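The values are calculated or read from the model by the stated rules, or taken from the named source; none is laboratory data. Please read all numbers here as calculations on a predicted model, not as lab measurements. FYI the Cβ positions are ideal-geometry reconstructions off the backbone, even for glycines, and counts take in every protein chain you see.
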Amino acid sequence: MATDITLFKNSESLFFKKIRKKEDITDFDCDGFLIEAEEKECRRTIEFIKSKNKQTKIAVVGIDDEFNRRAVETLKINYLVSPEINWQNDSLKQRSSGINQVVAKIAKSKNIAFVIDISLINGQGDGKNKAILVSRIIQNIKICRKIKCDLKIASFAKNIGELIDEKQATSIGFSLGMSSQQTKECFKF
């Protein structure tokens, strides 16, 4: 069982290739693809991947609330990565975190897991942006905890120095508000 998702080959983790369009796919020598594109290009790329190799895992980077809902409802994906990365303004009562109870229920019924990208937290510049990002992640954890949908933690490391192990993933999960059951499952892909 793999314990992390990385962007380089490693024996203990899943190796994903980061792509923006289907022309970026040169071979299928990986465990999955991380797609970072708009909806139309995502659809074309996923259709191409599924026609070539049905066992390949597919992860899509979240964009905004509408895209995240359509991705969970209609795209054939395994993971929705960092749905909280939209820079829309937060409302008075809740954060604009990219998912809500409806999206979480749909994801649970389709066995789609939400993935928290730890490299984004480490890479954010000033304290205000980091605080906003962490508060949105905490809100998403609360939603996933309430609905009981899958929530994972991944490093998306580009080299061996950026890897996280099970102990680090567990401690990060606890500090962000995950339950003990969620932390046991957060690093099993």
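Quick check: is even one residue across the range 81-88 surrounded by fewer than 17 Cβ atoms within 10 Å (Cβ to Cβ), in contact with a helix residue (DSSP H, G or I) (Cβ under 9 Å, 6 or more places away or on another chain), modelled with pLDDT under 85 and of a type outside the set (Val, Ile, Thr)?
yes
It is to be established whether one or more residues within the range 45-65 are closer than 29 Å to Arg136 by Cα, of a type in the set (Gly, Ala, Ser), assigned to a loop (DSSP other than H, G, I, E, B) and free of Cβ contacts under 8 Å to residues at least 40 places away in the same chain. Before you say what the answer is, go through the steps one by one.
Residues of the range 45-65 that are closer than 29 Å to Arg136 by Cα, as a first pass: 45-46, 57-65.
So of that shortlist, the ones also of a type in the set (Gly, Ala, Ser) come out as 59, 62.
This time we only want the ones that are assigned to a loop (DSSP other than H, G, I, E, B), so: 62.
Add one more test, that the residue is free of Cβ contacts under 8 Å to residues at least 40 places away in the same chain, and what stays is 62.
Yes: one or more hits.
Inside the range 138-178, can you point out the residues that are buried (at least 16 other Cβ atoms within 10 Å of the Cβ) and at positive phi?
Phe156
Among the candidates Lys93, Lys76, Lys17, which residue alone is of a type outside the set (Phe, Trp, Tyr) and either farther than 23 Å from Cys149 by Cβ or not in a loop (DSSP other than H, G, I, E, B) (or both)? Working first, answer last.
Details: Lys93 fails: either farther than 23 Å from Cys149 by Cβ or not in a loop (DSSP other than H, G, I, E, B) (or both); Lys76 fails: either farther than 23 Å from Cys149 by Cβ or not in a loop (DSSP other than H, G, I, E, B) (or both).
Lys17 is the lone residue from the list that is of a type outside the set (Phe, Trp, Tyr) and either farther than 23 Å from Cys149 by Cβ or not in a loop (DSSP other than H, G, I, E, B) (or both).
Please go through the range 163-183 and give me each residue that is touching a residue at least 40 places away in the same chain (Cβ under 8 Å), in a helix (DSSP H, G or I) and touching a strand residue (DSSP E or B) at 6+ places or on another chain (Cβ under 8 Å), ordered by number. Lay out the reasoning, then the answer.
So in the range 163-183, the residues touching a residue at least 40 places away in the same chain (Cβ under 8 Å) come out as 163-166, 169, 172, 176, 182.
Within this subset, residues satisfying the condition of being in a helix (DSSP H, G or I) are 166, 169, 172, 176, 182.
Hits for the range 163-183 are Ala169, Ile172, Leu176, Gln182.
I need the full set of residues from the range 32-64 which are under 18 Å from Lys152 (Cβ atoms) and among the small types (Gly, Ala, Ser), in order please. Quick ask: steps written out before the conclusion?
Quick first cut of the range 32-64, residues under 18 Å from Lys152 (Cβ atoms) only: 32-36, 56-62.
Of everything in the range 32-64, those that are under 18 Å from Lys152 (Cβ atoms) and among the small types (Gly, Ala, Ser) turn out to be Gly32, Ala59, Gly62.
Just to verify a result, which residue in the range 121-137, among those that are surrounded by fewer than 17 Cβ atoms within 10 Å (Cβ to Cβ) and within 15 Å of the chain's Cα centre (by Cα), is nearest to Ser175 (Cα to Cα)?
Val134
Go through the range 152-189 and give me each residue that's over 18 Å from Phe16 (Cβ atoms) and touching a Cys at 6+ places or on another chain (Cβ under 6 Å).
Selection gives Gly173 alone.
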